[in-house]
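Taken together, the values in this text are just the output of simple stated rules run on the coordinates, not laboratory data. Not measured: the values here are computed from a predicted model. Heads up, the Cβs are rebuilt from the backbone with ideal geometry, glycines too, and the neighbour counts pull from every protein chain shown.
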Amino acid sequence: MADKEATIYILDLGLSMSDCHNGRVESDLDWSMRYVWDRISTTVAASRKTWNVGVVGVRTDETDHPLEKEEDGCEGYEHISVLQELGPMTMNSLAALRNRVKTSNTETGDCISAIVLAIEMIEKLTKKLKYNRRIILVTDGEAPIDGSDISDISDKIKRGVDFDDAEFGFKEEDKSSIKEQNEEILRDLTEKCDGLYGTMAEAISELETPRVKTVKPYKTYDGLLTLGDPNIHEDAMSINVERYFKTHKATVPPVSRVVMKTESNGGPSSAAENAIGDEMQGVEPTPSFSAVKDARTYRINDTDAPGGKRDVDPSELAKGYEYGRTAVYISESDYNVTKIETTRSFSIVGFIYQEKYEPFLNMGETCMTVAQRSNDAAALKLSSLIHSLHELESYAVARIVTKDGKEPSLVLLAPHIEPDFECLYDIPLPFAEDVRNYPFPPLGKVITVQGNTITENHRNIPTQELQDAMDDYVDAMDISSWEKDEEGNRTIEYAAVEDLFSTSLHRINQVIRHRATYPDQPVPPPPAILFKYAKPPEDLVTKAKSDLEDLIDKASVKKVPPKAKGRMDKGDKPKPISGLDIDALLKQPENKRAKISPDNAIPEFKQKVELADDQADIEDAMRQMGTIIRDIVTKSFADREYDRAIEHIGVMRETAIDYEYPGLFNSFMKDFKVRLLSGEFNGDRRELWFKIKALRLSLIDSNSSEHSKVSREEAAEFLKK
């Protein structure tokens, strides 16, 4: 596939293109330019210097093209103008082209002559080099066309405004005889040169559909694939292979920072001049914007320096590496000891049965390994390895270093066999340090505190009726064969993998293209196709409604009442769904409920606050909770109980806000911070403070509770120190 492109758009700007047809409220030219602007803006966004774009206007008021200057060369080429010379397309040239594309006041101009001119422009640029050459003609076919020489034209034409297209299902009624004749001429021309002929309606309908970007194959490794060491063992396997990317992650376009230029005394300001002098890579200078210039300084604490800070040169700084929340310094000599000395290699280190491999271990983009080109011996060896893995239903695990000094990677090699193609697909595997195990309690049984196992008649274990209801609902929502085929039968998978795409990526690209083309117009709403798979099909939901209602009934799903805010009187408490008096059932004599148990602190703390008769009871509950939190931190082995302590602090803070006692929590937090940072809780516990800062568990400020006397700035400063 050639990486160079030369595309010329021939635009019909005749007077008839200013009309509106087929129920549209915009002119034929504006409607047709949707397709052209989308294609050109996509080229601009790619920023490829080898992708060249040219624009030729036909039926223009003036005549402006190279053949005009030649003697007798303009006959038959009147009212044709080169609006954009064939070359790389930029934002500046796009803005200039946008001002030149407008309907003319003439009805004369030959599209075939414009095609000949486009051929000359392409041949002049590409010569005999390998290029993808395209000519795209946009016309309504209302002007006379000379079709006597179409047999000599060999390039391609694409798209027409309101042309008949039986496959797309469009046919224009009451068209002129000239347009009917021109359609036949252009259709004949595209068939002879293997071009594409169609109606603009089809082209515009495809604009909203995301396009898959095809990239040039990139070789990541070229060398030996080994099994064993050929330098030591005579029977070791050694195959000359080449490795290419198969899939690449499509990334969201990066944001370039720019600043508005300001005019002062007829020229740009000094700030703008400085920005222009050091332009940021990837930012094209425009009349209105300049790239932002970064400046970075480093400071350290120095009591002898003015202001207590002293600037240091970057060369004086040392590299630090995060270990938890602590910065660890490693000298250059120590770093060289830990650095792995690697050489370029690709070697198989083991095998695994396919049934024993877990797909969640896949960690990156896929590559494919093929035999070295023009090497029959390597192709035979690799084919033997591929077929052996396939017959044994196994995968190979390999270690790869793509170039000297680069960190090694483990990849899984999977065989792939087609009639005319064989390869090994590979995907990165995690190392032991990349795997995290999170144990969860079993779903089908409950283990009590005494160690007994319960498998039925428990509120956390589903009954057989509930399981059957869930099975019926899942079966009713089956999308494996819900999409209709051409005959109307539901046999196609709904939301197939090849039909899915990144909504955010394609939406951002659409917005960028629209803003680049129409800078003064509002951003259009997202096309419906982007959200096609964001929710299940409506008819499928309707079909499964009865199963869902049965599931809700069997699971006893009830709406949770809204959470009450603010201080409540005992008579204002929300009534439970069950209708039972929970307080009466749980309330115990004061001497039994006076102390909160550390093993069940959160529920008992909440209950004590809810049953409080006055402020003294709430203060007592907050005091006990603070004592429990300090005890948890003190007895914690390393950071094992830190999350538990943070959960208790969060509940305490939330309760203080709900019951309008922020001062109690703020007093606790100030005292807790002092004790924590001073090492009072059995050693250095500063890592817990870093976690509290990360979760923003600061003082309750006046924005969170109107009864707080702490400002937002004071709460932020509390976390900084």
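Counting beta carbons within 10 Å around each of MET237, MET33, MET17 and listing the fewest first gives the order MET237, MET33, MET17. Once backbone amide H atoms are built at 1.01 Å from N, SER394 has GLN354 as its partners under 5 Å, excluding neighbours fewer than 5 places away on the same chain. With viscosity 1.567 mPa s and temperature 4 °C, the Kirkwood radius over alpha carbon pairs of region 389-511 converts through Stokes-Einstein to a diffusion coefficient of 61 µm²/s.
Residue separation of ASN132 and VAL215 scaled by 0.36 nm, minus their Cα-Cα distance, works out to 28.4 nm of gained length. Of the cross-linked pairs LYS127/LYS219; LYS219/LYS406; LYS127/LYS216, which ones have a Cα-Cα span greater than 19 Å in the structure shown? Correct reply: LYS127/LYS219; LYS127/LYS216. Amide H contacts of LYS246: THR366, CYS367, MET368, each under 5 Å away and 5 or more positions distant or on a separate chain (H built 1.01 Å from N in the peptide plane; Pro and chain starts excluded). Less than 5 angstrom separates the built amide H of LEU83 from those of VAL55, VAL56, GLY57, all sequence-distant by 5 or more or on a different chain.
With a Förster radius of 35 Å applied to the C-beta separation of TRP689 and ARG459, the computed FRET efficiency comes to 0.35.
Between ASP671 and LYS559, full extension at 0.36 nm per residue minus the direct alpha carbon distance yields a gain of 36.3 nm. The HN-Hα couplings worked out from phi for region 360-367 by the Karplus form 6.51 cos²θ - 1.76 cosθ + 1.60 (θ = phi - 60°) are 5, 7, 4, 10, x, 7, 8, 10 Hz, whole numbers, x standing for Gly and Pro.
Find out how many positive minus negative residues lie around SER383, taking Lys and Arg as positive, Asp and Glu as negative, among other residues whose Cβ is under 13 Å from that of SER383. Summing Lys and Arg as +1 and Asp and Glu as -1 gives -4.
Residues CYS367, CYS111 in ascending order of nearby Cβ atoms (within 10 Å, fewest first): CYS367, CYS111.
Three principal axis extents describe the C-alpha atoms of region 54-131; from largest down they are 35, 30, 19 Å.
Counting neighbouring beta carbons within 10 Å and listing from fewest to most, the residues LYS356, LYS554 come out as LYS356, LYS554. Every pair of different Cα atoms in region 311-369 enters the Kirkwood calculation, which places the hydrodynamic radius at 16.9 Å.
Applying a DSSP loop filter and a limit of 13 other Cβ atoms within 10 Å to the chymotrypsin sites (Phe, Trp or Tyr not before Pro) in region 631-721 leaves PHE637.
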